[in-house]
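Asker: Before anything else, here's the structure in question.
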Amino acid sequence: MPCCIAKYCHVTFENNPLNAHFHQLVKKPAMHSQCLAKCGRPPWTDKEVCSLHFVDKDYHNFHQNQARLVKQLLLKSNAVPSIFS
Ligand SMILES: [Zn+2]
């Protein structure tokens with residue numbers, strides 16, 4: 001069952017009251033490590049992070065998604081999670 005790896009985030013597919021999207025961490029090693037560090041997880045963790053930790057400019061098609069023109073949010077390859085509250 002996918003769950004968000006961000007520290008203190010408890011979003012899973014089954015517990016997702018805000019309908020967050022799930023994103024695979026980017027495959028580039030440097031970016032992957034940066035994402036994991038931001039999420040407060042050790043470097044060997046390899047799971048998913050939810051959309052609650054990204055801002056609109058992290059996506060290629062955020063506004064199209066908001067306008068319901070596209071269903072899937074496309075995360076930019078250089079996006080790093082930045083919201084942890
Ligand atoms: Zn999350």
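Quick note: the coordinates plus some simple rules give every number you see, no bench work behind them. What you see is a predicted model, and the numbers here were worked out from it, not measured in a lab. Methodologically, a virtual Cβ is constructed for each residue, glycine included, from the backbone with ideal geometry; neighbour enumeration extends over all protein chains shown.
Asker: On each of the three principal axes of the Cα atoms of the chain, give max minus min coordinate, whole Å, ordered largest first.
Answerer: For the chain, the Cα extents along the three principal axes come out at 37, 27, 23 Å.
Asker: Here is a follow-up. Based on Cβ point charges of +1 for Lys and Arg and -1 for Asp and Glu, what charge dipole magnitude is obtained for segment 1-75 about its Cα centre, in debye rounded to the nearest 20?
Answerer: 140 debye
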